[in-house]
Amino acid sequence: MKTCEAGKDACVVLVGESSTSIINTKFATRGCATESACHTKIGAEVPSSSYLYFLRRADCLPAPYPPGRVAKIQSEAEKAHPSACPERE
């Protein structure tokens, strides 16, 4: 079985909108993270070099996530990163 890297014990799922001065688009992503990422708040504005991300959903689950627990949010995140949050041994 695949594992998250050492020290990354959470699966974080973020859904929201990204914006530049001209383009606005929706995004969904998930991945292995440290538990500190679990403190991400809905409504947060996260700047990057090119985009401003507005979070409308932020979920944090133990890695690996339990079967069925993330079924509702998995479909959105699956489109962005289909292989993220693999199972641990």
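The values are calculated or read from the model by the stated rules, or taken from the named source; none is laboratory data. Note that the structure is a prediction, hence the values are computed from the model and not measured. Reconstructed Cβ throughout: ideal geometry from the backbone, glycine too, with neighbour counts over all protein chains shown. With ligands, DNA and RNA removed, areas are computed over all heavy atoms of the protein, side chains included. Shrake-Rupley method; radii C 1.70, N 1.55, O 1.52, S 1.80 Å.
For segment 56-89: of the residues being in contact with a strand residue (DSSP E or B) (Cβ under 8 Å, 6 or more places away or on another chain), within 23 Å of GLY7 (Cβ to Cβ) and open to solvent by 70 Å² or more (accessible area, probe 1.4 Å), which is modelled with the lowest pLDDT?
So the residue we want is ARG69.
Go through (1) in a strand (DSSP E or B); (2) surrounded by fewer than 13 Cβ atoms within 10 Å (Cβ to Cβ) and name the single condition ALA28 misses.
Exception for ALA28: condition (2).
For segment 1-25: of the residues being under 16 Å from SER50 (Cα atoms) and among the polar types (S, T, N, Q), which is surrounded by the most Cβ atoms within 10 Å (Cβ to Cβ)?
Checked segment 1-25; the qualifying residue surrounded by the most Cβ atoms within 10 Å (Cβ to Cβ) is SER18.
Taking segment 35-55 only, how many residues are surrounded by 13 or more Cβ atoms within 10 Å (Cβ to Cβ) and touching a residue at least 24 places away in the same chain (Cβ under 8 Å)? Walk me through how you get there before you give the answer.
The initial filter retains those residues of segment 35-55 that are surrounded by 13 or more Cβ atoms within 10 Å (Cβ to Cβ), namely 35, 37-38, 40, 42, 44, 46, 51-55.
Add one more test, that the residue is touching a residue at least 24 places away in the same chain (Cβ under 8 Å), and what stays is 35, 37-38, 40, 51-55.
So the count comes out to 9.
So, SER18, is that one part of a strand (DSSP E or B) and polar (S, T, N, Q) or not? Talk me through it step by step, then tell me what you get.
Working: part of a strand (DSSP E or B): yes; polar (S, T, N, Q): yes.
The answer is yes for SER18.
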